[in-house]
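Working notes for the structure below.
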Amino acid sequence: MLVPAAIAFVLLVGPLVALLVRAPWARLGALLGGDTVLPALGLSLGTAAASTGCCVVLGVPLAVVLSGSDGWPAPVRRVARALVTTPLVLPPVVGGVALLLLLGRVGLLGGPVFRATGFQLPYTTASVVVAQTFVSLPFLVLGVEGALRGVDRRFAIAATTLGAGPWTRFVRVTLPLAAPGVAAGAVLSFARAIGEFGATVTFAGSLPKVTQTLPIAAYLALNTDPDAAIAIAVVLMVVALVVLVSLRDRWLQGIGR
Amino acid sequence: MSRRAAVAITLAALSALVLAGCAQDPLPSAAAPATPATSALRGSITVDAAASLNTVFPALAATFQKEHPGTTITFDFGGSSALAAAIVAGAPVDVFAAASTTTMRTVSDASLVAAKPVIVARNELEIAVPPGNPGRITGLRDFADAAKTIVVCDKAVPCGAAATTVFAAAGITPKPDSYEPDVTSVLTKVEANEADAGLVYSTDVRNAGAKVVGIRFPGAARAVTAYPIAAIAGSRNAALAEAWVAFVQAHESDLQAAGFLAP
C-alpha cells in the first residue's frame, strides 16, 4: 500500500519540485515585473472565477437532473452521462475547434447571431470564460451528481411527511447535504479553468489584457525565454495552491464525516 | 469440429504469412545493390520541424524511406521556438529544422547541434484571407483597422518576428485581435473564416489550397525567413540523421516546387 502511494505522490509532486528547483529565483522579480504577467494573472483569476460561477449555476441543475435519471431508459441515461463527460476526454484544442464551429461567426449558433447583429464571441474575454466553462463543467457535474446520489434519501422522505414540497425539500434538505460535493466540484472546476490552455487559445485567441491568460503567456514565454516561462509557472502554481488550500479550508469542513 | 477446422485454417494462413514474410525479406536487398554506400542505414529518427514544413517534409521522407528500406522518419511539427525549447530541455530529437536562424541559434548555443546548420530554403510572408474575402482586405494597411478581425503570430515565434519587421518597415501599427502561438493557428482561424485576415508564410497559402486566398504585398521581401536544418548532437542514430540532412539539402528543388524560395 505504501509503495504505490509513495510512487503516486512522487509522480504528482516531483515535477513541481523540479520546477521550483530550476526556478530563476534571483531574477524572479525582473522576469515577472514586465507588463505581461500581472495583467495575465488578473485575467486568469477573473475568468477562472467567472467560469467556476457558470459551472455552479449551470452544472448543479444538470447534476440534479442526471441524479434523478434512474427512471429513464438505460440507453438514454448512459448516452446522456457519456456526453456530459466527453469534454474530459476531448483534447482541449479539439474542444476549441468545436466551440468555434458552434459559436464562431460562421458557426451553427454564432453564424445567425453574427449576421443579425455583427456580434462575434471569439477574441472576447467572454469567450475565454466559455472555453473554460466547457472544459471544467464535467468536473462539477460529476462531483455534484455523486454527492447527490450519496445523500440518504430518508431525510427527503421525512421532509415530505412533514409537509415539504419538492422545491423546499431540494433546497432545504438535499442541497445542504450535498454541499460538500458542490464545493469539491467547484474547486476542481476552478483548478481546471485556471490551467486551461488549448481550448482557450483556439477559441478565444491570445491578446494581452483581453484573452491572454497566464498559461498562454507561459507558453509564449517558453519560446523566447524558458526562465520566464518557469517563473510564470511558479506564479500559477502558487496562486492555484493558495486558492485551493483556502477554499478547501473554508468550504470543505466536515467533508470527512 | 467446425471450430477445430477454423483454428487449423487460421494457423495455416498465419504460417503462410510468416513464411511469405521470411521469404520476401532477403529478396530486395539481394536484388537491389544500387545504393551500396548508404545501404547500412537502418532504424528510425525523430525530426522536429517548423510547422510550415509539414507538407513537403513527409513527401520527401516517403521518397527517402523508399530509397532506404528499413528506415523510419517520424516528424514532430510545431512552432520552431517551442520545438527548440523542448530540444534544449533534453527532448530526444535527431534532426531539427527551424523557421529562423535565431531559433536555430538557441539550439546551437546550447552546443546541441552535431554540425553547422545549413540553410535549405527561405520563405516570405503573405496575407491570407478566407475565400470571398469577407473583410475586403486589400493590403497590409488593413491590419491597422481595428474594425477588421485580424490574427498574426506572436512576436515570440519566427512568423511573428517577421510580421513585426514588415509592419515596422511599412510604418503600420497593427491592431490584431489575437497573437497566435504558431503560424498553423493563424491559418486555422483564417480557414475557419473566424478572421478577416492573417499573416502567414507563402507556402502556407499554397498548401491550404482553396481554403484561403493569398494576397501578396510589397515589402514582404524585407522579412524573408531562412530555414536552417541540423543533426542534433547525441542522436542515437547519427548516421541516419546526417543522411536525412544531406537528403534534404540534395532536394532543395523539391522545397522550391512546394513554394519555398531558394536558400
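Some notes on this structure:
- Single condition B:Val190 does not satisfy, out of (1) in contact with a Ser or Thr (Cβ under 6 Å, 6 or more places away or on another chain); (2) in a helix (DSSP H, G or I); (3) at pLDDT 95 or above: (1)
- Of the helices (runs of 4 or more DSSP H) entirely within region A:71-125, those holding at least 3 residues that are closer than 19 Å to A:Ser51 by Cα occupy A:74-89, A:92-103.
- Tally, over region B:138-163, of residues that are crowded, with 23+ Cβ neighbours inside 10 Å and under 19 Å from B:Ser202 (Cβ atoms): 12
- In region A:4-12 there is no residue that is surrounded by 11 or more Cβ atoms within 10 Å (Cβ to Cβ) and either of a type in the set (D, E, K, R) or not in a helix (DSSP H, G or I) (or both).
- Taking (1) surrounded by fewer than 16 Cβ atoms within 10 Å (Cβ to Cβ); (2) touching a Phe, Trp or Tyr at 6+ places or on another chain (Cβ under 6 Å) in turn, B:Gly132 satisfies each apart from (2).
- Matching residues, region B:177-195, being within 7 Å of another protein chain (Cβ to nearest Cβ), closer than 17 Å to B:Phe143 by Cβ and of a type outside the set (Ser, Thr, Tyr): B:Asp177, B:Glu180, B:Glu194
- Residue check, B:Val166 within 23 Å of B:Ala98 (Cα to Cα) and away from every other protein chain (no Cβ under 14 Å): yes
- Any hit, region B:70-82, residues being over 21 Å from B:Val107 (Cβ atoms), in contact with a Leu (Cβ under 8 Å, 6 or more places away or on another chain) and assigned by TED's automatic domain parsing to the domain that holds B:Ala243: yes
- Residue count for region B:66-101, restricted to those that are in a helix (DSSP H, G or I) and either farther than 25 Å from B:Thr203 by Cα or within 14 Å of another protein chain (Cβ to nearest Cβ) (or both): 11
- Test: B:Ser108 is in a helix (DSSP H, G or I) and away from chain A (no Cβ under 14 Å): yes
- Selected residue [away from chain B (no Cβ under 14 Å) and modelled with pLDDT under 95] from A:Ala82, A:Ala50: A:Ala82
- The number of residues in region A:163-206 being surrounded by 24 or more Cβ atoms within 10 Å (Cβ to Cβ), within 14 Å of chain B (Cβ to nearest Cβ) and among the hydrophobic types (A, V, I, L, M, F, W, C) comes to 4.
- Inside region B:206-254, residues that are of a type in the set (Gly, Ala, Ser) and out of contact with any Leu (no Cβ under 8 Å at 6 or more places or on another chain) make up a count of 13.
The values are calculated or read from the model by the stated rules, or taken from the named source; none is laboratory data. The structure displayed is predicted, hence computed values, not measured ones. As a convention, Cβ positions derive from the backbone with ideal geometry for all residues, glycine included, and neighbour counts pool all protein chains shown.
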